[in-house]
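*Asks:* Can you keep this structure in mind? I'll have questions shortly.
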């Protein structure tokens with residue numbers, strides 16, 4: 001015997017506007033009195049009037065969810081699409097009109113990260129990242145792969161300390177509170193001639209403008225032409241020279257590193273990708289590294305070519 005589970009003629013409506021089913025009052029009374037309820041009508045009551053999902057009914061009654069669904073179908077209850085019956089969270093009606101400007105000022109102007117912005121605007125961090133992407137704000141790289149927030153040395157400081165006073169990169173770094181590698185990296189990016197020192201003096205030029213030397217190398221020039229990579233002159237940080245870095249591919253990195261003999265820092269100057277990013281890419285792509293130590297083949301080739309050029313004496 002099946003009790004009608006949906007009878008709009010019964011008085012009243014539960015919260016939410018759905019009419020009482022024909023079993024509402026009797027089922028509630030039966031539950032309180034402890035009498036055994038007819039299964040189909042009771043499940044129909046929970047599903048239709050209470051608005052519970054089959055998962056919730058299974059959890060409350062201890063029945064298997066598939067059995068709950070079969071009983072409801074047998075009772076003639078139309079099942080809702082999956083997820084249609086649960087309560088939805090309150091959604092934002094829309095972003096404030098000045099939110100794009102605020103996001104840009106906080107992220108690009110104040111250099112705050114997504115977690116700090118989330119605390120300021122009272123928004124989940126994941127939503128902040130979604131809004132940054134939606135508003136066309138390019139995300140910064142993080143950690144050792146960071147290109148935008150790198151410490152750089154101003155050109156006039158390098159010109160004074162390194163070029164005019166003749167200080168070494170280590171001495172400049174000690175005075176500025178950074179490593180010698182960062183000093184040299186800034187000098188290369190700005191296009192300043194860098195002294196090519198070493199433990200053993202070698203014949204040939206004493207200075208190198210690295211970016212210009214890379215572009216002038218025939219092997220490197222052929223690879224850049226084959227992969228249609230633009231030549232970006234020196235004159236700024238890596239993020240300024242390459243707002244959109246060149247995408248790394250296995251053939252490109254393998255040709256630059258092994259065929260042309262350049263180092264990771266050289267590939268950084270040519271593509272705009274951080275050296276640590278290039279190293280990690282090579283590890284994932286299975287590209288082996290050369291044995292550490294000594295000059296890379298490109299620098300040896302450059303010194304030999306420069307040493308073979310005839311000296312020009314001023315008249």
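No lab work stands behind these numbers, since they all come straight from the coordinates. All figures in this text were calculated on a predicted structure; none of them were measured in a lab. Quick reminder, even Gly has a Cβ in these numbers, built from the backbone with ideal geometry, and neighbours come from all protein chains shown.
*Asks:* Based on the Kirkwood radius over alpha-carbon pairs, what value in µm²/s does the Stokes-Einstein equation return for the translational diffusion coefficient of region 208-307 at 20 °C and 1.002 mPa s? Mind showing how you got there, number by number?
*Replies:* Values: Rh = 13.8 Å.
Translational diffusion coefficient: 155 µm²/s.
*Asks:* Based on the Cα atoms of region 99-140, what semi-axes does the equivalent ellipsoid have, where each is the square root of 5 times one gyration tensor eigenvalue, given in whole Å with the largest first? Can you show the working numbers first?
*Replies:* On the way: eigenvalues 33, 26, 16 Å².
Listed largest to smallest, the semi-axes of region 99-140 are 13, 11, 9 Å.
*Asks:* Find the relative contact order for region 155-195 and round it to a whole percent, using C-alpha pairs within less than 8 Å whose residues are 6+ positions apart. Spell out each step's value before the answer.
*Replies:* Details: 27 pairs, mean separation 11.7, N = 41.
Taking the mean separation of contacting Cα pairs over the length of region 155-195, I get 28 percent.
*Asks:* Related question: Please state the relative contact order of region 99-140 as a whole percent: Cα pairs under 8 Å, 6+ residues apart?
*Replies:* Details: 23 pairs, mean separation 14.0, N = 42.
Dividing the mean separation by the residue count of region 99-140 yields 33 percent.
*Asks:* Moving to a separate point now. Which peptide among 94-101, 47-54 comes first, and what is the full order, when sorted by highest mean count of other Cβ atoms within 10 Å? Show your work: numbers first, answer last.
*Replies:* Details: 94-101: 11.1, 47-54: 20.2.
Put in order of decreasing packing, that is 47-54, 94-101.
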